[in-house]
Amino acid sequence: MALSPTAVAARRVFAAAAHSGQEGGSARTWKILSFVLAVPGVAVCMANVYLKMQAHSHDAPEFVPYAHLQLRTKRFPWGDGNHSLFHNAHTNALPDGYESSHH
């Protein structure tokens, strides 16, 4: 499998850069890349999450008592036995519906 002349030239450039003896250059390159790409990337992601949360409805969906979601063969060994270990009253419904409607 023969490489194209462009690929051979690129390979030589990368090989020369790896053995150029400038150990501090790669650290400087990664530092610049971190500030130029990573920080703005995180800022864009934060803006995306903020805008999506502004448009998000905080109302719980209508409770539908599906039989396969209400299977409890025994009580949980903590609390009142009806709440799971990581129960969240705003998002997790009990077998008879949501606990409260305040949010």
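Remarks
- R0 of 35 Å, Cβ-Cβ distance W78-A47: FRET efficiency to nearest 0.05: 0.30
- Among 94-100, 53-59, the order from most to least packed when residues are scored by Cβ within 10 Å on average: 94-100, 53-59
- A crude spin-label estimate for the pair T29 and L71, with each label 7 Å from Cα along the Cβ direction, gives 5.5 nm.
- Accessible area (Å², per residue) of the chain, counting only protein heavy atoms and a probe of 1.4 Å: 90
- Pairs of C-alpha atoms in the chain farther apart than 17 Å represent 76 percent of all such pairs.
- Using a probe radius of 1.4 angstrom, the carbon and sulfur fraction of the accessible surface of the chain is 64%.
- Applied to segment 77-94, the Karplus parametrisation 6.51 cos²θ - 1.76 cosθ + 1.60 on θ = phi - 60° returns per-residue 3J(HN,Hα) values of x, 10, x, 8, x, 9, 9, 5, 5, 10, 5, 10, 5, 7, 10, 9, 8, 7 Hz, with x for Gly and Pro.
The values are calculated or read from the model by the stated rules, or taken from the named source; none is laboratory data. Just so it is clear, the structure is predicted and the values come from calculations on it, not from any experiment. When we count neighbours, we look across all protein chains shown, and the Cβ atoms used for this are built from the backbone with ideal geometry, even at glycine. All accessible areas refer to the heavy atoms of the entire protein, side chains included, with ligands and DNA or RNA removed. Shrake-Rupley method; radii C 1.70, N 1.55, O 1.52, S 1.80 Å.
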